[in-house]
Amino acid sequence: MAYFKSILLVALLTYYQGAVIKAQDFEDISPLPTVFESRTLPTDEDGNFLTRYMASVGNGHVATTVYTDTVYMNGLYNGERGESHRARIPSGNFIRMNPPAEQSTNQTFALDVAKGVFFERVNFDGARFEQRTFAHRFYTKVIVTQIHVITGTEFVTFPLTNPRGDASADLTTPETGDFGTQLGATYMCAEIVQREDVRYQETVPKACTISSAVPPIVTFPPTSSITQTFITAYGFDLESIEADFNAVAALIVNGQHDEIYESHVQAWTDLWTDGAIEVKGNDQLAKVVYGSLYYILSSLPVTTETNSPNEQFYGLSPGGLAYGSLLMDYQGHSFWDTETWMYPSILYLYPDAAREILSYRLQTTRASRDLYGNQAATFTPGPRTRPICCPETRDLQVHITSDISFAIRQYIAMTRDLEWLKETKEDHRLLHGYTYGVIIASQGPAPPSHLPPPTTNHPPLATRPPTALHTSYTRRSRYITITALITPTPTQSLATLRALPPPIFYAKMQNALRHRRHWTMRRTPAKSSAASLPATSRQVVVMRGKGLSSRRICTATCHPFCDKSIKPRLNASLASIPPGFSHTYTALSAAASHEPEDTDSCLFPPSIPPPTHPCSHRPGERHRHPSPPTSTLRVWTEAKPPTLGAINFITGMGGFLQSIFSGYGGLRVFPERITITKPRVLPETSGLKLTGIKYLGNIIDAEISPTNITVTLRQSSSGFPLTISSNDGRPVDLVGSITYSTQVGELELEIISKTPTNCELPYDKIGTPKRQRPQKDNSNVVLNRNKRQSQNTVILKCTTPGLVALTFDDGPSYNGNTESVLQALQEKGVKATFFVTGYGWDSSNLTADPRKQELLRRIHRDGHQIASHTFSHESFTANPRSREDIVNDITQLATAVRNIIGIELTLLRPPNGHYNSTVVELIQEQFGYDVINWNLSTEDWSHQDNIEASFQAYLNILGSSSTTTDSFIALHHDPVPRSGELARMAIDYVRSKGFRFVTVDNSDVQKRNKRQSQDSEILNCTTPGLFALTFDDGPSYNGNTESVLEALQEKGVKATFFVTGYGHDGTNLTTDPRKQELLRRIHREGHQIASHTFSHESFTENPRSREDIVNDIALLATTVRDIIGINITLLRPPYGDYNSTVVELIQEQFGYDVIIWNLDCNDWLHREDIETSFQAYLDTMGNATISTDSFISLHHDPVPRGGELARMSIDYVRSKGFRLVTVDECIGKA
């Protein structure tokens, strides 16, 4: 169902006239930072129970405020368009114990966010009662109420009530009946009264519940510990909730009440282990932090395994999932608050949940495009929604499109996950990343068939930034202009990451907006322009200065704190015009400007009257200003009492968490790096720990003390290894823990992957004219696309030491010389790269001469790489040539090659080696080619048949070179005389020096997102002098795997472990936590993990079906992924048994490289007799040399004395001069 949520953005800034809590009676008595406990419930001054200050429990599918008769369900709304609000479902979980008050003692109420459970505890009649209410995180359709009783010496009896309240005004008369279980369950199903929009909802949504019976009186026998469980399942139909209800009901019938409770608690424990913010030395502040995370997480869908499939997520509302009735709490809809305030912290810690937020937006793109008839989605309230209030917000707060687009960009930057766009069926454009555009600057709706033509004079719309108090609307909103400039960048990045051409519209529109920005900001964006901004604009532009921002955003957004001279005026303006979230805005900006006093005072303002305090406001004004929690249950309100606005205001919580992450933690996200800038602890605390930051599959912890910061790589990603550098700019591998002092200078840490993309990055300073844009340094860029993208510089040598790429220019020529080169290469078993031309030395034309074409086909058939040397072979720079002439020249050759042999070229060498930066930029911009030159030239074109003189270049340049530090791209010309003889001499000499020949493509060490398999099984390394140490059949917790790991750590060696599901010790990897922890340790210590199948059953000894083999391999792959989050790329057949059919199946189904060995120590046979096992090394390697030999050795880590054998082996291998590597490095995959 593609509900019309995102365009029903009605700005329902409703204000609830609530009473003031009696704070003196409502205090937290728990010392634990994750438990909020009180002896009383929140009441007003007259003693009336304030349900809206109560805690809520939820799991992203359903949520309820405790002790209310209402449950809300994700995606269930009633009311047409502007009146659409969450549909109330009568609660089956409003169950209360009602012991006589005069006989009750020690009654407490607690929300335990570590467990995700609300508790009520009371002593009565000699017994201790505990009532638990929780929305289960595995059986997600079910809300559970449990009553656990420990009785004394007497029977205990008391009544239970389950008031469901009045019939829901949002549902039609329900159909009810018996559900037919041993629990005496009943069901209810009812349709909503009014669909939101009939265009997008073909059927009328229903709400269905199944509830277990609640007896009016319960009796417990003496001296017993008993739990009673009552459940209600909620869903859109009975079929979708039966599985969860029946599963929990079966546990109840079997008396497994603890299993119901403990599985839920374990799920929350795993969630907090996955990611959290820990504040040390201030329990009250820690409670606020935990509470903020809890309330946001309980409104998000569960992304780990659940008993039944999740429903489509429908976004975060400012009041969370537990609120959203008509004219209250934003009616439960998702606004810009999601991406602006809640999303960033979720992205840092829980990227899977962030993905769900974005997936919701994708589900609404059809409606978002239809609203204005645009190809690109425009998320805006829009006049067609016919809201019942706030038309100025409806019409003018159009920045939501940019907010969503920016969120997409940051998701890609943090994860490089390109698969999520493929999951939607809404529109084919999503597959290409074209959906998100910006029409903010257009003059009006565009016809469906095209987008508005970009110009340089788009008149800006009257717009308003995301604050709730505005005295006027502007056509020159800095916030809107900046976010509009940001909007197209994810589309461009997605297209280039997928090797697809981005729609030209976006680039043109961005340029048009850039011109518009210069039109609206004629002065330098510093003192003069900042002073000219209205106070609200000065504040809202800081939103692009928060954690998800562009570098030095102050320059782009004119934030006043960037200029000290206008700071007094800012303070006065804030006092007189209070914009929403000014505390968070200003705190983040102050942190970015390294003004700690302002950061502290903005987040934790003292009682300083306006206008002297930079974050003060006028008491009693009704504006969107989040009030931190005053209740023990850490429930936020949108505004200060008595004007409360939205309750459980997770928007404010999200802003508060951003202040911690990006203000104090200093975390910033950029397209190809993250930074931590001047981190420090919060005031009146002793430490701050950001646990579980997810970056490119890596998991990072950052622990900040008053004097230092320790960055720990908790889990590494084999696809994206990281480096970290501080102010000195020297990167080191991020392995284990690294500590930096925060006391020296303004510390800035930069964390970057060794395998970055080569995407065109967005401007660091938004609005910088293109011609003035500084050149980025991508000298370390490694490619990772199936279609090659160009380097940003000219390539002169291979990126990996020990490689030589042999290249030949100016052919093919049918004078016999090209043939002689091909014969020499075939004889020596070398693949080379031929930079071909259209017009050759023999004056022939490639498009017309069949002899030349046949030579090109032979080069291709022989397996050599073909690249461009242009068609004409005319210099790019000796005589000035137009851009059009150069482009036509390159295109003509590319077309000719495509027509003759059907391939696309990816490399180009400039004719005569002549180029300049303009030419290189043109080639890369128009064709995406890598521009290749050389660092070893034979000058054979000059020496002609004097090949001895040509060969001298090898002696001069390679004479003192080393395979550990040097690499070369060598230049020959195949049409010159005796070129085949010269090639033979060169190949023999290069090999004698220990170098390995590759094509230019292979020399550039391409890394693909999907690993590609070898064509056959692998028995040794591809480069002489390498030795891969491998261990089979583990991990085993009998102590032997640990001894191997200790030996490897002691010797500083990384090995490859081919693991199994069932091990020597008879354990199962999917169920045994000890085995799982060993696997995590292997991974943490930097070793490579590969497959030995789950069952360790031979592929060939007893015939196995294809399906059986595939399932066996897939089971291990899934298990490893679940435990340590990596994808396996290598496999070793159990017992080394395989045939060509098995190898073909493995490579076809999984793309794995199949690894065998050429050195077997037979330790599985010799067991503790490690001397006999070691003899294999002496026998096999006795006459080996590093210039000709390489090895993959086979050990078994579960066998006795494996660590001792490893030490002996490592010492001997090193004594022979070999270098120890993982299998990936051994076969050239790392």
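At what distance in angstrom do the alpha carbon centres of region 925-977 and region 851-908 lie from each other? After rounding, the separation between the Cα centres reads 20 Å.
With each label modelled as a point 7 angstrom along the Cα→C-beta vector, the Asp44-Lys754 pair spans 6.5 nm. Working note: Karplus 6.51/-1.76/1.60 with θ = phi - 60° gives region 1044-1060 the couplings 5, 4, 4, 5, 5, 5, 4, 8, x, 10, 9, 10, 10, 10, 8, 9, 10 Hz, where Gly and Pro are set to x. For region 791-923, the equivalent ellipsoid built from the Cα gyration tensor has semi-axes of 24, 20, 12 Å, listed from largest to smallest. Over all other residues within a Cβ to Cβ distance under 12 Å of Pro911, the charged ones net out to -2, with Lys and Arg as +1 and Asp and Glu as -1. Residues of region 1085-1126 with an amide N closer than 11 Å to a point placed 7 Å from the Cα of Asp1137 along the Cα-to-Cβ direction: 1096-1104. The slack between Arg861 and Gln182, meaning 0.36 nm per residue of separation minus the straight C-alpha distance, is 237.1 nm.
On the beta carbon distance between Asn106 and Ile217, with R0 = 25 Å, the FRET formula returns roughly 0.60. For Asn708, the residues whose amide H sits under 5 Å from its own are Thr742, ignoring neighbours fewer than 5 places away on the same chain, with H placed 1.01 Å from N. For Gln1149, put the label point 7 Å out on the Cα→Cβ axis and report which residues of region 1071-1090 keep their amide N under 20 Å from it. What the label zone holds, given the 20 Å backbone N cut-off, is 1090. Label sites at Glu925 and Glu1085, each approximated as a point 7 angstrom past Cα along Cα to Cβ, lie 5.3 nm apart. Bridge orientation summary for region 803-1003: considering DSSP beta bridges with both residues in this region, about 5 percent are antiparallel.
Based on the Kirkwood radius over alpha-carbon pairs, what is the Stokes-Einstein translational diffusion coefficient of region 1059-1189 at 20 °C with 1.002 mPa s viscosity, in µm²/s? The partial results should precede the final answer.
Values: Rh = 16.4 Å.
The diffusion coefficient I find is 130 µm²/s.
Round to the nearest 0.05 the FRET efficiency obtained for Asn98 and Val198 when R0 = 30 Å and r is the Cβ-Cβ distance. After rounding, the FRET efficiency stands at 0.05. Each Lys or Arg adds one and each Asp or Glu takes one away; over the other residues whose Cβ falls under 13 Å from the Cβ of Gln892, this sums to -3. With the convex hull of the Cα atoms taken as the outline of region 687-753, the averaged projected area works out to 4.2 nm².
Charged side chains reduced to their Cβ positions (Lys and Arg at +1, Asp and Glu at -1) give region 702-750 a dipole of some 180 debye around its Cα centre. If R0 equals 45 Å, the separation of the Cβ atoms of Thr1070 and Arg128 corresponds to a calculated FRET efficiency of about 0.70. Extension gain, Thr173-Asp1169: 0.36 nm per intervening residue step, less the Cα-Cα distance, totals 350.6 nm. Spin-label model, Glu981/Ser686: points 7 Å from Cα along the beta carbon direction are separated by 8.2 nm.
Near the amide H of Phe1058, within less than 5 Å, lie the amide hydrogens of Phe1031, Asp1032, Asp1033, Ala1090, all on another chain or at least 5 residues away, with H placed in the peptide plane. State whether region 231-355 is rounded, prolate or oblate according to the following rule on the C-alpha gyration tensor (a ≥ b ≥ c being the square roots of its eigenvalues): a/c under 1.5 gives rounded; otherwise a/b larger than b/c gives prolate, and the remaining case gives oblate. Judged from the Cα gyration tensor, region 231-355 comes out oblate (a/c at least 1.5, b/c at or above a/b).
Work out how much length Thr269 to Arg714 would gain on full extension: take 0.36 nm times their residue separation and subtract the Cα-Cα distance, in nm to one decimal.
Using 0.36 nm per residue and subtracting the Cα-Cα distance, I get 158.5 nm.
Can you give the net charge of the other residues whose Cβ lies under 12 Å from the Cβ of Leu327, counting K and R as +1 and D and E as -1?
Summing Lys/Arg as +1 and Asp/Glu as -1 gives -1.
Quick one: Karplus J couplings for region 143-160, per residue in order, coefficients 6.51, -1.76, 1.60, θ = phi - 60°, nearest Hz, x for Gly and Pro? Working through the residues one at a time gives 9, 10, 10, 10, 10, 10, 10, 10, 8, x, 8, 10, 5, 10, 10, 7, x, 10 Hz.
Within the set Lys828/Lys1054; Lys115/Lys287; Lys754/Lys797; Lys828/Lys993; Lys831/Lys1054; Lys115/Lys141, which residue pairs have Cα atoms separated by over 24 Å?
Result: Lys828/Lys1054; Lys831/Lys1054 exceed 24 Å.
3J(HN,Hα) along region 1207-1221: 4, 4, 5, 4, 4, 5, 4, 5, 5, 8, x, 7, 9, 7, 9 Hz, from the Karplus curve 6.51 cos²θ - 1.76 cosθ + 1.60 with θ = phi - 60°, whole Hz, x for Gly and Pro. Distance from a point 7 Å along Cα→Cβ of Glu1101 to each backbone N in region 1140-1171: keep the residues under 15 Å and list them by number. Hits in region 1140-1171 for Glu1101 at 15 Å: 1164-1165.
Values in this text are rule-based calculations from the coordinates and carry no lab data. Quick caveat, the model's predicted, so the values are computed rather than measured. Using ideal geometry, Cβ is built from the backbone for each residue, glycine included, and neighbour counts are taken over all protein chains shown.
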